[in-house]
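Q: What follows is a structure written as structure tokens; I'll ask about it next.
What follows is calculated from the coordinates using simple rules that are stated; it is not laboratory data. What you see is a predicted model; the values in this text were computed from it and never measured. Here the Cβ is made from the backbone with ideal geometry for all residues, glycine too, and neighbour counts use every protein chain on show.
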Amino acid sequence: MTTRIYVPCDSAALAVGADEVAALIAAEAARRGLDIAVVRNGTRGLLWLETLVEVETPQGRTGFGPVDAADVPGLFDAGWASGHPLALGLVEEIPYLARQQRLTFARIGITEPRSLADYLAHDGYRGLRNALALAPAEIVATVTASGLRGRGGAAFPTGIKWNTVLKAPGTEKYIVCNADEGDSGTFADRIIMESDPFVLVEGMTIAGIAVGATRGYIYVRSEYPHAIARLEGAIAVARHHGYLGADVLGSGRAFELEVRKGAGAYICGEETALLESVEGKRGIVRAKPPLPALAGLFGKPTVINNVLSLATVPVILDKGAAYYQDYGMGRSRGTLPVQLAGNIKQGGLIELAFGVTLREILYGYGGGSASGRPIKAVQVGGPLGAYLPESQWDTPLDYEAFAALWAVLGHGGIVVHDDRADMAKLARYAMEFCAIESCGKCTPCRIGSTRGVEVIDKIRTGAQPVQQIHLLRDLCDTMLNGSLCAMGGMTPYPVLSALNHFPQDFGQPDTSRHAA
Amino acid sequence: MPAVANPAVDTPSVQATQAAVDDILAELFARLGDRQDQLLPMLHGLQDSAGYIPPDRVPAIAAHFNLSRAEVHGVITFYHYFRTEPPPRCVVQVCRAEACQSMGSDSLLEHAERTLGCGLHGRSADGAFGLEPVYCLGQCASAPALTINEAVFARVSPARFDALMAAAMPREAV
Ligand SMILES: Cc1cc2nc3c(=O)[nH]c(=O)nc-3n(C[C@H](O)[C@H](O)[C@H](O)COP(=O)(O)O)c2cc1C
Ligand code: SF4
Ligand code: FES
């Protein structure tokens, strides 16, 4: 009987040599006359173990990792047995994975991303079938009842956004998926697109049916060529099998989908800048109102949602609003795909109900820093998110709890820094990033960020530190209150949190420890 | 670290002749139509095939979309990805974002600068290598990361960098 060996084809696995591992496994098997089929699955999200090779056994899939090409002959010599130093046992029982609550990511790593048959065999397209039996307002009501809030950053309730578009007059409406994922420390969108692209296609189709839109665009950043290829493949296959097109599954409803490639501009993740970019213009932020829900792409009512928001819709329509909203805490319902990155021993994707603490993520899952040194600061929510010192790590992951700390959850990205991090340098980087990536429309952001770099440089060289720190706070205040969008409006989060929690790195006396 | 498996690395960046650029443009104009929302796909198509967006073709592009030259120029320059000069044979992009910084991307960049003999945004003396920044490749859990002619590599130590460079430029690198 053929033994199936799984080798991920997610770009994180490819980036550490998975293609070569796969080729060598096939070659070794042939040389030894073994009956083996190499299957290219998605990633499990246990990224420190990539390349994570899995072997099908009667008990389930057993894992080996991280496997380098050089390890392959030895793994064959050892018969892929549990005694091998790289053996991990049954993959589903690895605590990091077993303790997760995977709803949006239920299929990743298990299925073959290219295979529609595999998608269907693992509950794929059940959500769309249910949706097609409902009236549009009922679909929207289900999404509203699930409590799903936008996962792209602002955490706005998805159902309410959809309802606005549903009620907006006109027959020409659009679904736009924000797959710009520019935040450092985030890769959940990438993993969805590369490892389970059909779930995003399904989610967007449901959105289209729900609000009466017949066309959708997925705006993917140019840094993700692999994700673009996977999505285009999935769209072609879905269309070929009647899941997209003029008559979706014979329902008489039309929905078409297209991928648009970004071009290396962080600001194009902001929803109105993204719409400008899809229209073929520079990614300059639009003033709101009007909301995109009323006047969005080409001036028409538009749903614009993050990849994770849209990819979560199928499971909600499959299992029901109550099932989803039973997870979570407070007003943060369902699960949050946490992305653990930076200086951490076990980085990867962790999907959990809201409410788990940062400390549990850092140590219970992450296993502490990669360097083995003490963790100093943790930035949550991308380059515009605050730096959290140890005194704040018992905060539960919950939108409101983070807001109370003057911090954000954003897209769920967590970047860990060990005790060698220079927080003044990181604050400078935040200002510099804003200066490079500002769309230029408003002065506080465009000019303020450039001045911010200069002021921090003066602080770091010790010139007039008291006056300069005063100036920096003033500047941040202007950016916070005077910017049109969150690019300028949130750059003060990393800057001021670094200054407030780590004053010693700015040449100031350390008061925080004594105060705590 | 064994040899590089990704074929993209061995493919030198394309550079088309003048006549070829005209053919590429004609094909793109015919295929994409003249709605302004096709401007970015058009620029991507041109850069993918010609290696860059020749500034002397801006008037033709503007005319095709019924835009001013300034508008097209404005779009091209707004986006970091578009280049208006032929690329070097081998473009190395080092991630400069926070997660990679936390795993030593600063010293990786210094190593790359020393090895290639140029700074960020610069080119090696023989013109074959170019060094550029990039702000996150979505490989933040396997930092530091970089790309070589768009192929992504993660957990890149200085030693792995040297091996990748040797594989990327088998003939030039002696
Ligand atoms: C500077 C800036 C960058 C952003 N980048 C992204 C991004 O990369 N992906 C994303 O989904 N949302 C991003 N957002 C948030 C979007 O503007 C918008 O809130 C989101 O796409 C809405 O989708 P959701 O309701 O599903 O979260 C960004 C916002 C700002 C201000
Ligand atoms: S805050 Fe910055 S990015 Fe946002 S609109 Fe103003 S200039 Fe543009
Ligand atoms: S920060 Fe370098 S890959 Fe994300």
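Q: Nearest 20 debye, what's the magnitude of the dipole of chain B about its Cα centre given +1 on Lys and Arg Cβ and -1 on Asp and Glu Cβ?
A: So the magnitude is around 200 debye.
Q: Hey, with R₀ at 56 Å, roughly what FRET efficiency would B:Gln18 and A:Thr450 work out to, going by the Cβ-Cβ distance, to 0.05?
A: About 0.90, to the nearest 0.05.
Q: Answer rounded, prolate or oblate for segment B:90-173, using the Cα gyration tensor with square roots of eigenvalues a ≥ b ≥ c: rounded when a/c is under 1.5, else prolate when a/b is larger than b/c, else oblate.
A: Verdict is prolate for segment B:90-173.
Q: Starting from the 7 Å offset along Cα-to-Cβ, what nm value, one decimal, do you get for the label separation of A:Arg359 and A:Thr171?
A: Rounded to a tenth, the inter-label distance reads 6.0 nm.
Q: Let me ask something additional. Going by Cβ distance under 4.7 Å, what cysteines of chain B have no possible disulfide partner?
A: When partners are defined as cysteine Cβ atoms under 4.7 Å apart, chain B leaves B:Cys90, B:Cys118, B:Cys136, B:Cys140 without one.
Q: Additional query: I'd like the FRET efficiency for A:Asp510 and A:Ala87, computed as 1/(1 + (r/R0)^6) with the beta carbon distance as r and R0 of 60 Å, rounded to 0.05.
A: In this case the efficiency is close to 0.85.
Q: Then there is this: Can you sort A:Cys268, A:Cys442 so the residue with the fewest Cβ neighbours within 10 Å comes first?
A: A:Cys442, A:Cys268
Q: Please get the size of the charge dipole for segment A:3-96, origin at its Cα centre, with Cβ charges of +1 on Lys and Arg and -1 on Asp and Glu, quoted in debye to the nearest 20.
A: Using only the charged Cβ atoms, the result is roughly 160 debye.
Q: Assign one of three labels to chain A, namely rounded, prolate or oblate, based on the Cα gyration tensor with a ≥ b ≥ c the square roots of its eigenvalues; rounded applies when a/c is under 1.5, prolate when it is not and a/b is larger than b/c, and oblate otherwise.
A: oblate
Q: Along the charge dipole of segment B:10-78, pointing to its positive end and built from +1/-1 on Cβ of Lys, Arg, Asp and Glu, which listed residue (B:Leu39, B:Leu67, B:Ala16) has its Cα farthest out?
A: B:Leu67
Q: Label-point separation (nm) for A:Ala236 and B:Asp48, each offset 7 Å from Cα along Cα-to-Cβ?
A: Taking the two extended label points, one gets 1.1 nm.
Q: Could you check the spin-label model distance between A:Arg331 and A:Glu279? Points 7 Å from the Cα along Cα→Cβ, value in nm.
A: 3.1
Q: Under 18 Å from a label point 7 Å along Cα→Cβ of B:His73: give me every residue in segment A:273-293 with its amide N that close.
A: Label zone hits: A:281-283.
Q: Still on this model: Please check which bits of segment A:135-175 a label hung off A:Lys288 would reach, taking the label as a point 7 Å along Cα-to-C-beta and the cut-off as backbone N under 15 Å.
A: Only A:149-165 fall inside the zone, counting backbone N under 15 Å.
Q: With the cut-off at 1.5 for a/c, could you classify chain B from its C-alpha gyration tensor as rounded, prolate or oblate?
A: Prolate, because a/c is 1.5 or more and a/b exceeds b/c.
Q: So what is the calculated 222 nm ellipticity per residue for chain A, using -39500 (n - 2.57) for each DSSP H run with n of 4 or more, over all residues, to the nearest 500 deg cm²/dmol?
A: The helix-only estimate for chain A comes to -11500 deg cm²/dmol at 222 nm.
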